[in-house]
Amino acid sequence: LRVDGERVRAGTRVWIRKEGAPVQVAFDSDRSSGNGRAYLDAPAVDMAGWASLLRYAGVTAESGAGRVQGWVELRKRRVVLATSELKLRQVGLRGAPLAGSGSAPRLHFDRVEGRVRWRLTRNGWRFDAPQLLVGDQQVPQRLDGLVLAGGQEYALLANQIDAAPLFSLMGLSGRVDPGLRRWLSQAKPGARLAQVTLAGSRTAGMHAQGRLGGISFL
């Protein structure tokens, strides 16, 4: 740790278990403005060991191994930009328990690789995936160029998507309506989307275009 007036710089290596590999973190910030940068490198992460911290919207990452790197920018003590490089294998996700049954749905990906970026925008947030492979080890789904945006304005841009894993992922979250979650779990819906452009706002409505095929559900 080094402090030079308002500037604070720190570096650390963190183990969550003695036998696990460390996570390395570097941090550089200005105390008066709240601006700064951080870097994280987990060269041999075991996601099972970090499961207690890897939770969002009721979804927990309970297994997976590989490398994760992340770069973060802060403005006025808020994260405004985060970029990650991922190379993970055998990723397992556990959802919130389903109402009435108490069982927790699960989702598994053989492979998650790519470079992704999340940032705050004037009216919300935006997620870009310049490179992203998800799914089966031999024939993964390529989602290069995927764009998602949310907030006052929202958007989805994608060349081609197999929507079945996205439906399953949505069904893990405890923030989704319980009836819809139960249907997603039991009906296992699927569809293929191509050349999708969807955009809208809370005040101006929505427009969308693209091709939809291979619609199925049990």
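Across the stretch 200-218, which residue is least open to solvent (accessible area, probe 1.4 Å) among those that are among the aliphatic types (A, V, I, L, M) and in contact with a Leu (Cβ under 8 Å, 6 or more places away or on another chain)?
Our first condition is that a residue be among the aliphatic types (A, V, I, L, M); within the stretch 200-218, this holds for 204, 206, 208, 212, 215, 218.
Next, only the ones that are in contact with a Leu (Cβ under 8 Å, 6 or more places away or on another chain) stay: 206, 208, 212.
Details: Met206: 120, Ala208: 66, Leu212: 113 Å².
The extreme case among them is Ala208.
Can you name the residue in the stretch 36-65 that is free of Cβ contacts under 8 Å to residues at least 24 places away in the same chain and of a type outside the set (A, V, I, L, M, F, W, C) and is also farthest from Pro105 (Cα to Cα) among such residues?
For the stretch 36-65, the residue satisfying everything is Ser52.
Filtering the stretch 45-83 down to residues that are basic (Lys, Arg) and farther than 21 Å from Ala129 by Cβ, which residue is surrounded by the fewest Cβ atoms within 10 Å (Cβ to Cβ)?
Of the stretch 45-83, the ones basic (Lys, Arg) are 55, 67, 75-78.
Subset that is farther than 21 Å from Ala129 by Cβ: 55, 75-78.
Values: Arg55: 13, Arg75: 13, Lys76: 8, Arg77: 11, Arg78: 10.
The qualifying residue surrounded by the fewest Cβ atoms within 10 Å (Cβ to Cβ) is Lys76.
Restricting attention to the stretch 97-148, and to residues there that are open to solvent by less than 50 Å² (accessible area, probe 1.4 Å) and touching a residue at least 40 places away in the same chain (Cβ under 8 Å), which single residue is farthest from Ala65 (Cα to Cα)?
Within the stretch 97-148, the match that is farthest from Ala65 (Cα to Cα) is Leu98.
What number of residues within the stretch 164-199 are surrounded by 15 or more Cβ atoms within 10 Å (Cβ to Cβ) and in a helix (DSSP H, G or I)?
Qualifying residue count for the region: 12.
Quick check on Ala155: is it open to solvent by less than 40 Å² (accessible area, probe 1.4 Å) and assigned to a loop (DSSP other than H, G, I, E, B)?
Numbers: open to solvent by less than 40 Å² (accessible area, probe 1.4 Å): yes; assigned to a loop (DSSP other than H, G, I, E, B): no.
For Ala155, the condition - open to solvent by less than 40 Å² (accessible area, probe 1.4 Å) and assigned to a loop (DSSP other than H, G, I, E, B) - is not met.
Any idea which of (1) open to solvent by 30 Å² or more (accessible area, probe 1.4 Å); (2) in contact with a Gly (Cβ under 8 Å, 6 or more places away or on another chain); (3) within 25 Å of Asp41 (Cβ to Cβ); (4) modelled with pLDDT under 95 is the one Leu86 doesn't satisfy?
Tallying (1) open to solvent by 30 Å² or more (accessible area, probe 1.4 Å); (2) in contact with a Gly (Cβ under 8 Å, 6 or more places away or on another chain); (3) within 25 Å of Asp41 (Cβ to Cβ); (4) modelled with pLDDT under 95, Leu86 fails exactly one: (4).
Being closer than 30 Å to Arg67 by Cβ and either of a type in the set (A, V, I, L, M) or more than 19 Å from the chain's Cα centre (by Cα) (or both) narrows it down to one of Leu166, Leu218, so name that one.
On the way: Leu218 fails: closer than 30 Å to Arg67 by Cβ.
Of Leu166, Leu218, the one residue that is closer than 30 Å to Arg67 by Cβ and either of a type in the set (A, V, I, L, M) or more than 19 Å from the chain's Cα centre (by Cα) (or both) is Leu166.
The values are calculated or read from the model by the stated rules, or taken from the named source; none is laboratory data. Quick caveat, the model's predicted, so the values are computed rather than measured. FYI the Cβ positions are ideal-geometry reconstructions off the backbone, even for glycines, and counts take in every protein chain you see. For accessibility, only protein heavy atoms count, side chains too; no ligands or nucleic acids. Shrake-Rupley method; radii C 1.70, N 1.55, O 1.52, S 1.80 Å.
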